Amino acid sequence: MTRALLELAGVSRSFGGVRAVNALSFAVREAEIVGLIGPNGSGKTTVFNLISGVFLPNGGALTFAGSSLVGRKPHEICSLGIGRTFQIVQPFNSLTVLENVRVGAFRTIGDPARATDEAQAVLTLVGLSHKRDALPPSLTIADRKRLELARALATRPRLLLLDEVMAGLRPAETLEMIELARRIHASGVTLLVIEHVMRAVMSLSHRIVVLHHGEKIAEGTPQEVSRDPEVIRAYLGEEYRPA
Ligand code: ADP
Ligand code: MG
């Protein structure tokens, strides 16, 4: 078994009286795809904000490749090799698609010409090179999600955190996004994926962690969690039936 690339141990974070994340422990191994699921407000995005240094935990340990993440700034965490997408996409609307991706590439590649080459390569990977000169507001939702992915990939992450990249997509676009996530994984990137589209997260993930009120209520293979009575009660209900 490969050792943990990312490890959370007893991590908590409150906002006022709300315990958004409570004593959460789980690990992601190198080359895994782990899904993070749970109802709205169960703390999923907060977990990403804790990993990526947007919020400090109130307690607990977060380590990546053996180094503590606690107290590091988001740009340092990015330099360590953790990339992320945002649930609400945040492109620079006055920069072209290519320029947006170059911003990410420039972080890890100081040389302007090589940063442009890298941005081009990432746009090709996500299927957006034909839109390189477009401005983000003119893109479809699916293309905005691809751009968000490209921006994160351009920082050359070892671990990529995807926050609902399939939300709002049509079924055919969702299938394309699953295919793209698989391609990114095959290129050597470990994935931690927040997703509400059950078909997608169940087919992509090797393992799934289920949150409810900031606590882990289940962890296991997609088959295991989708049959877990507590997961069905708290989240899946009748809407998801495993094949
Ligand atoms: P999810 O992504 O699972 O829908 P979130 O992590 O966004 O859930 O939110 C978990 C809880 O933490 C919610 O009750 C939310 O209102 C609260 N929360 C998240 N971020 C903040 C914040 N910056 N300030 C105050 N409360 C927050
Ligand atoms: Mg969220």
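Values in this text are rule-based calculations from the coordinates and carry no lab data. These figures come from a predicted structure and were not determined experimentally. With ideal geometry, Cβ positions are generated from the backbone for all residues, glycine too; neighbour counts draw on all protein chains shown.
Before moving on, here are some points about what is shown:
- Size of the chain as Cα extents on the principal axes (Å, biggest first): 51, 40, 39
- The string of couplings for segment 131-139 from the Karplus curve (6.51, -1.76, 1.60, θ = phi - 60°) is 9, 4, 9, 6, 9, x, x, 8, 7 Hz, one whole number per residue in order, with x for Gly and Pro.
- Packing-based ranking of 100-111, 145-156, 219-230 yields 145-156, 100-111, 219-230, ordered from highest to lowest mean Cβ neighbour count within 10 Å.
- Dipole of the chain, positive end: most advanced residue of I141, A31, Q120 [Cβ charges, Cα centre]: Q120
- Cα gyration tensor, segment 67-190 - rounded (a/c under 1.5), prolate or oblate: oblate
- Segment 123-185: C-alpha gyration tensor shape, a/c 1.5 cut-off, then a/b vs b/c: oblate
- If only the Cβ of Lys and Arg carry +1 and only the Cβ of Asp and Glu carry -1, the dipole of the chain around its Cα centre is close to 300 debye.
- Antiparallel DSSP beta bridges within the chain, as percent of all bridges there, nearest 5: 55 percent
- Within the chain, helix-based [θ] at 222 nm, where runs of 4 or more DSSP H residues each add -39,500 (n - 2.57), nearest 500: -10500 deg cm²/dmol
- Long-range Cα-Cα pairs in segment 155-204 (distance over 13 Å), rounded percent: 55 percent
- Positive end of the dipole of segment 166-243 (Cβ unit charges, origin at the Cα centre): among A181, A167, V225, the Cα lying farthest that way belongs to A181.
- Length gained on full extension, L80 to R132: 15.9 nm, using 0.36 nm per residue less the C-alpha separation.
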